[in-house]
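The values are calculated or read from the model by the stated rules, or taken from the named source; none is laboratory data. This structure is a prediction, so every number in the text was calculated from the model and none was measured. FYI the Cβ positions are ideal-geometry reconstructions off the backbone, even for glycines, and counts take in every protein chain you see. Side chains included, ligands, DNA and RNA excluded: accessible areas come from the protein's heavy atoms. Shrake-Rupley method; radii C 1.70, N 1.55, O 1.52, S 1.80 Å.
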Amino acid sequence: MTDTTAAGLTDPFGRAVTYLRVSVTDRCDLRCVYCMAEDMTFLPKREILTLEEIDRLCGAFIALGTDKIRLTGGEPLVRKGMINLVRSLGARIGDGGLRELTITTNGTQLPKMATELFDAGVRRINVSLDTLDPAVFAAITRWGKIDQTLDGIFAAKAAGLAVKVNAVALKGVNEDEFDRMIAWCGEHGLDLCLIETMPMGDISGDRTDQYLPLSLVRSRLRQHWTLEESDYRTGGPARYVTVKETGRRLGFITPMTHNFCESCNRVRLTCTGTLFMCLGQDDAAEFRELLRDPAVDDAGLAQAIRDAITRKPKGHDFVIDRRHKRPAVARHMSMTGG
Ligand code: SAM
Ligand code: SF4
């Protein structure tokens, strides 16, 4: 039975929805090949929620039991005034109902923002880094400089933030680097999470060329590392082991080879105010017009959120194979933020 009366949000399959991921912008200072086309057309400003609108909607989710919010993008830290949103949400940590506020970033802005983020209440961040090789980094991000991201990671650590490195596994691109990355993360006290590519958005290339199953990566890693099973869970798609030699966690996000939907606790808001109840499905609920309608008060907003949660589907159906070269979901990852 769908719970529409009690304080919390529970979907039709009995899953408590307590985690909101918010893409605050579709823009980015990089153009990772698996994420964006080189010549992306970004959305006009009027279609993007203001930071105040995002803050209000997040507040409505928190009032309904959401206790974890992740800010993502696009690149969340390139949005002007972003720190104000982080401060406002950070002020709700603890008695305000929020347990954790986190950010997924490419790290380029961290040298100047890490301390402000920590002061605003952020304690953990994910930084995307697919390679330690400057030339490969430049090729993957199309024009990025690895030093900016590395400096960002070190600035975050120095500011007191726990950092998890996210690396997308790409066939023939970074597949021979994971041993080195595990050792490097161990040296610097970072957790690492490997991600399979997901078929999202047209990227003007053939995804079957990029797809590298993590089951294969994992069995290769076992030749050099002792991977100890771990019961650490985040309610999300990552499955973790502990690397005995480094003592750090290693996560595997395998949406293509593993079904993680049964424990899904999350929904995703795009920067235009569209709420996706599932990363792999097109059904969505629109909040922008509601937020801009003076007749819709906070109770109306809460009801719209409850109604949306009743539509959360059981699971996704991603497919990448030679017969399905088109993306399973038309929107780019930068819309929903991964
Ligand atoms: N710009 C930030 C960053 O790169 O961390 C946040 C947004 S980015 C869309 C979030 C995460 O999604 C990154 O770790 C990125 O590597 C991952 N990602 C993007 N496109 C992907 C795809 N098609 N398949 C799997 N992961 C993807
Ligand atoms: Fe930008 Fe992140 Fe997408 Fe790379 S993965 S293009 S850094 S939004």
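Could you run through the stretch 41-54 and say how many residues are touching a Lys or Arg at 6+ places or on another chain (Cβ under 8 Å) and either modelled with pLDDT under 95 or surrounded by fewer than 23 Cβ atoms within 10 Å (Cβ to Cβ) (or both)?
Going through the stretch 41-54, the residues touching a Lys or Arg at 6+ places or on another chain (Cβ under 8 Å) turn out to be 42, 47, 49, 51, 53.
Pick out the ones that are also either modelled with pLDDT under 95 or surrounded by fewer than 23 Cβ atoms within 10 Å (Cβ to Cβ) (or both) and you get 42, 47, 51, 53.
Of the residues in that region, 4 qualify.
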Legend entry - Given (1) open to solvent by 40 Å² or more (accessible area, probe 1.4 Å); (2) in contact with a strand residue (DSSP E or B) (Cβ under 9 Å, 6 or more places away or on another chain); (3) within 16 Å of ligand 1 (Cβ to nearest atom), number of the condition Leu20 does not satisfy: (1)
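Consider Glu38 carefully, then state whether it is within 30 Å of Thr131 (Cβ to Cβ), within 16 Å of ligand 2 (Cβ to nearest atom) and crowded, with 18+ Cβ neighbours inside 10 Å.
no
Pick from Gly59, Gly107: which is open to solvent by less than 30 Å² (accessible area, probe 1.4 Å) and either within 16 Å of ligand 2 (Cβ to nearest atom) or under 30 Å from Gln210 (Cβ atoms) (or both)?
On the way: Gly59 fails: either within 16 Å of ligand 2 (Cβ to nearest atom) or under 30 Å from Gln210 (Cβ atoms) (or both).
So the residue among Gly59, Gly107 that is open to solvent by less than 30 Å² (accessible area, probe 1.4 Å) and either within 16 Å of ligand 2 (Cβ to nearest atom) or under 30 Å from Gln210 (Cβ atoms) (or both) is Gly107.
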Legend entry - Per-region count, the stretch 193-223, residues at pLDDT 95 or above and assigned to a loop (DSSP other than H, G, I, E, B): 2
Inset, instruction - Take the stretch 290-319 and flag every residue that is within 25 Å of the chain's Cα centre (by Cα) and of a type in the set (Asp, Glu). - result: Asp307, Asp317
Inset, instruction - Inspect all residues belonging to the stretch 33-41 and state whether any of them is more than 16 Å from ligand 1 (Cβ to nearest atom) and over 20 Å from Ile125 (Cα atoms). - result: yes
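Among the residues of the stretch 136-149, which ones are without any contact (Cβ under 8 Å) to a residue 12 or more places away in the chain and either within 14 Å of ligand 1 (Cβ to nearest atom) or open to solvent by less than 40 Å² (accessible area, probe 1.4 Å) (or both)? Spell out how you get there, then give the answer.
Here is the first cut: in the stretch 136-149, the ones without any contact (Cβ under 8 Å) to a residue 12 or more places away in the chain are 138, 145.
Correct list: Ala138 only.
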Legend entry - Criterion violated by Pro12 - all others in (1) under 26 Å from Lys314 (Cα atoms); (2) open to solvent by less than 30 Å² (accessible area, probe 1.4 Å); (3) more than 16 Å from ligand 2 (Cβ to nearest atom); (4) assigned to a loop (DSSP other than H, G, I, E, B) satisfied: (2)
Inset, instruction - Could you tell me whether the stretch 110-120 includes any residue that is within 16 Å of ligand 2 (Cβ to nearest atom), open to solvent by less than 10 Å² (accessible area, probe 1.4 Å) and closer than 28 Å to Ala37 by Cα? - result: yes
